[in-house]
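A.B. asks: Next up is a structure, given as structure tokens.
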Amino acid sequence: MSDLPDPVSNPQINHTQIFINNEWHNSVSGKTFPTINPATEEKIADVQEGDKADVDKAVAAARAAFKLGSPWRTMDASQRGRLMQKLADLIERDRVYLASLEVVDNGKPFADAYDADLGEVINVIRYYAGWCDKICGKTIPADGPMFCYTRHEPVGVCGQIIPWNYPLSMFTWKIGPALACGNTIVMKPAEQTPLSALYMGKLFMEAGFPAGVINIVPGYGPTAGAAIAEHMDVDKVAFTGSTEVGRIVQQAAGKSNLKRVTLELGGKSPVIVFADSDLDFAVANCHHALFWNMGQNCCAGSRTFVEESVYDEFVKRSVERAKKRKVGEGFQSGVEQGPQVNQEQFDKILGLIEEGKKEGA
């Protein structure tokens, strides 16, 4: 885009600690883990590694913030909306920095991070801010001398576990509805991409959210993630990621306090191309469906069914389009495809390609 601002090619990293109760903490264990730039495979920073002990601290802070009579629970719903609008304003102010941070930590092209991801992040927060004072129950006609009504109450402490493919988008998809309804949050960002989530802690404080409303614990799935899913004082857990781990989360929720569970898991989304399609349009959109975000997409069009009479021509044009795709480092102008998020993901994709060849692709 011609009006795309210049990125911050070497963004300063100021927040690598655990965010609990509007304060920055080192991990109880003293452990850290590195977060890596996928384009250079160089370490960006060492991040505090949260585990069960840190999750316990975060849940306690979230529970205290949710108590009846607390500033968060007694806050007018309209004021909750104003805080969320202020948060959106701050994200908009720091949009270039946050998009640049996503490039460094995730690898995606700056244009995608700035236009698509951050644009969506701001819109999502503003959308849910508008819902804060519009959540209401019903009065229900009932026989006899009865007064029947329903009242919508917040669930409580929400544990949220997000993946690495859209770090800030996933963050806001989770916090937006939870905050609008008056819940408190313990968030675990993906260990591959924790930096933008941690920066959000700074913005929450600046926006004026009360202490303990949101807590951010970077760490690994089997430790920090499992501690959230198993925690007896977490009322709901939301997870986005693989089907395999989704099963583990659901089992942990059931074995603990039978907490509510929301899962968004991977799939194999099909695209169907018929012979009477506009073939150029079909090729362009099937290409985008598969290659967008380096193919690291929960709903990527990873299966394409093409009517036999146009199959060969579709494949020919698809190959031509794929060869034109510009691959490079995310800050380079015109780049469509950055690196995969890490070596593990890169090797997995190459393995799937080889497997497909062996099966006749």
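The values are calculated or read from the model by the stated rules, or taken from the named source; none is laboratory data. Note that the coordinates shown come from a computational prediction; the quantities given were computed from them, not determined experimentally. Cβ atoms come from the backbone with ideal geometry, glycine included; neighbour counts cover every protein chain shown. The accessibility values were calculated without ligands, DNA or RNA, using every heavy atom of the protein model including side chains. Shrake-Rupley method; radii C 1.70, N 1.55, O 1.52, S 1.80 Å.
A.B. asks: Quote to one decimal, in nm, the extra length available between ASP115 and THR262 on full extension: 0.36 nm per residue of separation minus the C-alpha distance between them.
C.D. replies: Length difference between fully extended and current span is 50.1 nm.
A.B. asks: Give, in nm to one decimal, the length gained when the segment between ARG247 and CYS299 is fully stretched (0.36 nm per residue of separation minus the Cα-Cα distance).
C.D. replies: Roughly 16.8 nm would be gained on extension.
A.B. asks: Identify all aspartates and glutamates with a Cα-Cα distance to LYS134 below 20 Å; exclude those on the same chain that are fewer than 8 residues away in sequence.
C.D. replies: ASP76, GLU153
A.B. asks: Relative contact order, percent, of segment 322-361 when contacts are C-alpha pairs under 8 Å separated by at least 6 residues?
C.D. replies: Reported as a whole number, the value is 23 percent.
A.B. asks: What shape does segment 237-335 take by its C-alpha gyration tensor, where a ≥ b ≥ c are the square roots of the eigenvalues and a/c under 1.5 counts as rounded, a/b above b/c as prolate, and the rest as oblate?
C.D. replies: oblate
A.B. asks: With r as the distance between the Cβ atoms of THR74 and LEU352 and R0 = 51 Å, compute the FRET efficiency 1/(1 + (r/R0)^6) and round to 0.05.
C.D. replies: About 0.45, to the nearest 0.05.
A.B. asks: So if R0 is 45 Å, what FRET efficiency would GLN343 and ASP280 give, r being the distance between their Cβ atoms, rounded to the nearest 0.05?
C.D. replies: That pair, GLN343 with ASP280, gives E of 0.80.
A.B. asks: Using a 1.4 Å probe and ignoring any ligands, DNA or RNA, find the accessible area of ARG82 and quote it in Å² to the nearest 10.
C.D. replies: 140
A.B. asks: Can you pull the percent of segment 301-361's accessible area that's carbon plus sulfur, 1.4 Å probe, other chains left in place?
C.D. replies: 52
A.B. asks: OK, next. How high is the relative contact order of segment 245-361, in percent, with contacts defined as C-alpha pairs under 8 Å that are six or more residues apart?
C.D. replies: 21
A.B. asks: If I model a spin label as a point 7 Å beyond the Cα along the Cα-Cβ vector, how far apart are those points for ILE135 and GLU313 in nm?
C.D. replies: For ILE135 paired with GLU313, the spin-label model returns 5.3 nm.
A.B. asks: Leaving ligands, DNA and RNA out of it, work out the accessible area of SER242 with a 1.4 Å probe and give it in Å² to the nearest 10.
C.D. replies: 50
A.B. asks: Now, a different point. When the accessible area of segment 204-263 is computed with all protein chains present and a 1.4 Å probe, what percentage of it is carbon and sulfur?
C.D. replies: That share works out to 56 percent.
A.B. asks: Averaged per residue, what accessible area in Å² does segment 92-135 show with a 1.4 Å probe, protein chains only?
C.D. replies: On a per-residue basis, segment 92-135 sits at 34 Å².
A.B. asks: What is the spin-label model distance, in nm, from PHE147 to ASN10 if the labels are put 7 Å beyond Cα along the C-beta direction?
C.D. replies: Taking the two extended label points, one gets 6.8 nm.
A.B. asks: With the cut-off at 31 Å, tell me which of the pairs LYS202/LYS326; LYS188/LYS326; LYS108/LYS268 have Cα atoms farther apart than that.
C.D. replies: LYS202/LYS326; LYS188/LYS326
A.B. asks: Follow-up. Tally Lys/Arg at +1 and Asp/Glu at -1 over every other residue whose Cβ is under 12 Å from the Cβ of ALA178; what's the total?
C.D. replies: Net charge around ALA178: +3.
A.B. asks: If I model a spin label at ILE272 and SER333 as a point 7 Å from the Cα along the Cα→Cβ vector, what separation in nanometres do I get?
C.D. replies: With each label placed 7 Å out from Cα toward Cβ, I get 4.4 nm.
A.B. asks: What relative contact order, as a whole-number percentage, does the chain give when Cα pairs under 8 Å and 6 or more residues apart are counted?
C.D. replies: Reported as a whole number, the value is 19 percent.
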